[in-house]
Amino acid sequence: MSARTLTIDGELVSARAGESVLEAARDAGIRIPTLCHLDGLSEVGACRLCLVEIAGLSKLQPACLTAVAEGMEVRTSTERLRAHRRAIVELLFAERNHVCAVCVASGHCELQSLAAAVGMSHVRYDYLTPACAVDISHPRFGIDHNRCVLCTRCVRACDEVEGVHTWDIAGRGTTARLITDLHVPWGEADSCTACGKCLLACPTGAIFSRGSTVAELERDPTRIAAIVAARNERW
Ligand code: FES
């Protein structure tokens, strides 16, 4: 397999052709923040937290969707990028009702960890405080739309790993919502196998096990990649 040599934050890095900048950076021990990326799932470039600067390009590029190229010069942590990332995280908090103090995932939430990592001490935007539903019609799980960031990790885990595509997104912009089947309550979604992969993939407290209380929800999203790897080995 051919290799590409590039620099990331001034460090000379070798990567496989076709690898993403995100993968190359991680292999080199350089951490780029992500939210919609999850190992084992396809990339959609939805969250834009992994934006990086590439010499010669005026627009910021998502590291998860940008393939490495010979001689590429990448910067992952400039003042401009830090400002963008903080603004993105603040906007995510402003768009729904992320009240960490009463969330099942508090302490185990990727959005909460990102807020700390980008130094978010407060939100500079007006909160939209939308009226979002909580669906506990499923016998084992629930979805709290207040906590959803529309990363689509659950949609992709359900479609690409479980192969049933119970989840999808309906609507646009601030009215976009996760739906099950043709917008029926989750408990009435015939396609759902109750496998729990959506719960594993969710980065926040949006999808939870029924009966979990504040800060109780711990999941291991790396199990999604492990399932995919095990399946690929068998095939
Ligand atoms: S991780 Fe790249 S856009 Fe979300």
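The values are calculated or read from the model by the stated rules, or taken from the named source; none is laboratory data. These numbers come from a predicted model, not from an experiment. Virtual Cβ from ideal backbone geometry, glycine too; neighbours counted across all protein chains shown. Accessible surface areas use protein heavy atoms only, side chains included; no ligands, DNA or RNA. Shrake-Rupley method; radii C 1.70, N 1.55, O 1.52, S 1.80 Å.
General remarks:
- Directionally averaged shadow of the range 13-134, computed from the convex hull of its alpha-carbon atoms, nm²: 9.1 nm²
- Its alpha carbons considered, the range 71-169 gives a radius of gyration followed by a Dmax of 16.3, 54 Å.
- Anisotropy class of the range 133-222 from Cα gyration tensor, a/c 1.5 cut: rounded
- Helix-only CD estimate at 222 nm, as mean residue ellipticity for the chain, using -39500 (n - 2.57) per DSSP H run (n ≥ 4): -6500 deg cm²/dmol
- With K and R counted +1 and D and E -1, the other residues having a Cβ less than 12 Å from that of R80 yield a net charge of +3.
- When I8, I169, I136 are compared by accessible area at a 1.4 angstrom probe, the order from most to least is I136, I169, I8.
- Among 142-151, 158-167, the peptide with the highest mean count of other Cβ atoms within 10 Å heads the list, and the full ranking is 142-151, 158-167.
- The share of accessible area on the chain that comes from carbon and sulfur is 52 percent, using a 1.4 angstrom probe.
- Ordering 127-135, 83-91, 32-40 by mean Cβ neighbour count within 10 Å, with the highest value first, yields 32-40, 83-91, 127-135.
- For the chain, the longest principal axis of the alpha carbon atoms and the long axis of helix 79-95 meet at an angle near 10°.
- Counted charge near L49, where neighbours are those whose Cβ lies closer than 15 Å (Asp, Glu -1; Lys, Arg +1): +3
- Once the mean of 1/r is taken over each pair of separate Cα atoms and inverted, the range 3-77 shows a Kirkwood hydrodynamic radius of 12.1 Å.
- Per residue, the accessible area of the chain comes to 50 Å² when a 1.4 Å probe rolls over the protein heavy atoms.
- In the chain, the longest principal axis of the Cα atoms and the axis of helix 222-234 are about 80 degrees apart.
- In a DSSP loop and with at most 10 other Cβ atoms within 10 Å, the GluC sites (Glu not before Pro) in the range 185-235 are E218.
- Working note: Debye formula, equal point scatterers on the alpha-carbon atoms of the chain, no solvent; log10 I(q)/I(0) at q = 0.14, 0.15 Å⁻¹ is -0.96, -1.08.
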